[in-house]
Amino acid sequence: MTTAAPVPSASSASSASSSSSPASPSSPSPSAPAPSPGTGAGAGAHRLRPRRSCLAVPGSNPRFLEKAQGLPADQVFLDLEDACAPLAKEGARHTIVDALNQGDWSGKTRVVRVNDWTTHWTYRDVVTVVEGAGANLDCVMLPKVQSAEQVVALDLLLTQIEKTMGFEVGRIGIEAQIENAAGLVAVDAIAAASPRLETIVFGPADFMASINMKSLVVGRQPPGYPADAYHYILMRILMAARTHDVQAIDGPFLQIRDVDAFREVAGRSAALGFDGKWVLHPGQIEAANEIYSPAQEDYDHAEMILDAYAWCTSEAGGAKGSAMLGDEMIDEASRKMALVVAGKGRAAGMTRTTSFTPPEA
Ligand code: GLV
Ligand code: MG
């Protein structure tokens, strides 16, 4: 079970005003971001939700939609795109609306993935789902994003629907999937395109096809390349996400029966700093929740650093800028790193097993 506590990031912790630079939907120049008139709510810490495990659920399958509600994933995304056959898409919009309105999704972030803007389905996906179930929806996921303008277009459409329906303007977030070379090249502008943006999501299957990668096994290293073929892509996404204070999410691993291999692939993006990963099968959920949470020892250590630093900078602790915690010297940079780990642990519902005792004066 997870909590809905926001996950702090180092940058949001260091300055409340450092959150994403919103671009105006009416002037979508990525180089000159301006405040959005449509989405006054602003991005930032409230958008950083637990997303260790993001469960893909085909929107056309009522049985899967029912079952997903009882699974311990942090997020579900009900899919109108690739998991939904073209002939099933129209019906699936209504199946999803019913599932969102009538199901029990408590404890989960509720997302719908619509079709991308190069298709003719996108606007009706958004209008049908958000008009029908906007009150019970947290985010819309946009696949195959290639430019900031595509995010801005979705932002504008959401704003109109929210105004028409009397929903809070700006509450529904956007998740942007990076699934091709053009999207990766534009990822900084995409990450800054709207204050609604909550995550940048790597889509490895489409991405591998887009760059002609010589492998058919999603997430596995292509034969013939002696290093990590995904390192640049993951780091590029992570830098854009951290710059604009949104989350970085790794995509699917398709060999659903091989949980060890899932752990290995997930472990790589978790080590870099990614916040979570897609899961396609209940068997992958527990592994994702564990891998994208801090280890108990690291969580305890982070909480100790925060307590020790708070004490040493206080008057009682001598108002010092740095201090020793055991053999380790800690300062403001240690606090920022500790905040990230402690925040992820708290959001995962972890309990600390150690406590801080100030040294004798
Ligand atoms: C997900 O959408 C992917 O293409 O990997
Ligand atoms: Mg895809």
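Values in this text are rule-based calculations from the coordinates and carry no lab data. If you're wondering where the values come from, they're calculated on a predicted model, not measured in any experiment. Reconstructed Cβ throughout: ideal geometry from the backbone, glycine too, with neighbour counts over all protein chains shown.
Quick notes
- Of the residues SER355, ILE161, THR199, the one whose Cα sits farthest toward the positive end of the charge dipole of the chain, with +1 on the Cβ of Lys and Arg and -1 on the Cβ of Asp and Glu, is ILE161.
- Highest-MSF residue in the chain out of LEU339, LEU65, LEU254 [GNM, Cα springs under 10 Å]: LEU254
- Label point at GLU286 placed 7 Å out along Cα→Cβ; residues across the range 258-275 whose backbone nitrogen lies under 17 Å: 258-264
- Under Karplus coefficients 6.51, -1.76 and 1.60, residue-wise ³J(HN,Hα) of the range 98-110 in Hz, glycine/proline x: 5, 5, 5, 6, 9, x, 10, 9, 4, x, 10, 7, 9
- Shown for THR354, THR159: other C-beta atoms within 10 Å of each C-beta, ranked fewest to most, produce the order THR354, THR159.
- Given R0 = 35 Å, the distance between the Cβ atoms of LEU71 and SER322 translates into a calculated FRET efficiency of 0.20.
- At most 13 other Cβ within 10 Å, DSSP loop - trypsin sites (Lys or Arg not before Pro), the range 297-361: LYS320
- Chain lengthening between LYS163 and ASP82 when straightened (0.36 nm per residue, less Cα-Cα): 26.2 nm
- Summary of the geometry: the range 255-300 and the range 52-84, compared by the centres of their Cα atoms, lie 18 Å apart.
- Cross-link pairs exceeding 30 Å between alpha carbons, from the set LYS214/LYS336; LYS163/LYS277; LYS320/LYS344; LYS108/LYS336; LYS163/LYS336; LYS89/LYS344: LYS214/LYS336; LYS163/LYS277; LYS163/LYS336; LYS89/LYS344.
- On the beta carbon distance between ALA205 and ALA333, with R0 = 51 Å, the FRET formula returns roughly 0.85.
- Exposure proxy ranking, count of Cβ atoms within 10 Å, fewest first, for PHE64, PHE77: PHE64, PHE77
- Between helix 122-133 and the chain: long-axis angle, C-alpha atoms, 0 to 90°, nearest 10: 70
- Peptides 223-231, 255-263 ranked from most to least packed by the mean count of surrounding Cβ atoms within 10 Å: 255-263, 223-231.
- Principal axis box of the chain, alpha-carbon based, largest edge first, Å: 72, 48, 40
- Summed side-chain charge close to ASP258 - residues other than ASP258 whose Cβ falls under 13 Å, Lys, Arg +1, Asp, Glu -1: +1
- Fraction of antiparallel bridges per DSSP, the chain only, in percent to nearest 5: 10
- Using a simple spin-label model with pseudo-atoms 7 Å out from Cα toward Cβ, TYR225 and LEU254 lie 1.6 nm apart.
- Neighbour net charge for ASP155 - beta-carbon separation under 11 angstrom, K R +1, D E -1: -1
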